[in-house]
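The values are calculated or read from the model by the stated rules, or taken from the named source; none is laboratory data. None of the values given here were measured: they were computed from a predicted structure. Counting neighbours? That spans all protein chains shown, and the Cβs are built from the backbone with ideal geometry, glycine included.
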Amino acid sequence: MIPNRIKLSKKATDKLRFLKSKTGLTPNILSRIALMLAIREGGNLSNAGVGSMEGGQELNDTTLFGEHIHLYDILINQYIHDKKIDLTVGETIVAMIEIGIFKMGHIRQVEELVNL
């Protein structure tokens, strides 16, 4: 089950702010894209590089996942099961967002998101 609140790292928060300034998309939408990029990659989360949580943004579950929260819950839990991940659901979400944000690092305008 997805926790009520997800706290992102300071590094992820800063990157989301930068991406918002370039694309106009809000951090929750960008985080959803990042999460799906991590699922598509299918790798493990050992290279997530989750930074300090001090000063990071905190998003509630309904803001982060919107009306499709149940779909995200199923996808994330299936990913945890398939990859045999030994983290909590919250830690897994944060790690997946970190990985996805890294993959979005070169984005300078919203149109470039289509090529991910």
Among the candidates SER21, SER9, SER31, single out the residue that is free of Cβ contacts under 8 Å to residues at least 24 places away in the same chain and under 29 Å from GLU111 (Cβ atoms). SER21
So which residues in segment 13-33 are of a type in the set (Gly, Ala, Ser) and under 16 Å from HIS68 (Cα atoms), if there are any at all? SER31
For segment 1-17, the count of residues that are assigned to a helix (DSSP H, G or I), at pLDDT 95 or above and loosely packed, with under 15 Cβ neighbours inside 10 Å equals 1
Does any residue in segment 93-116 that is loosely packed, with under 13 Cβ neighbours inside 10 Å come within less than 9 Å, Cβ to Cβ, of a residue that is among the basic types (Lys, Arg) six or more places away or on a different chain, and which pairs are these? GLY105/LYS15; ARG108/LYS22; GLN109/LYS22; VAL110/LYS22
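Given the options LYS84, LYS20, name the one that is surrounded by fewer than 12 Cβ atoms within 10 Å (Cβ to Cβ) and of a type in the set (Lys, Arg).
Working: LYS20 fails: surrounded by fewer than 12 Cβ atoms within 10 Å (Cβ to Cβ).
Answer to the selection: LYS84.
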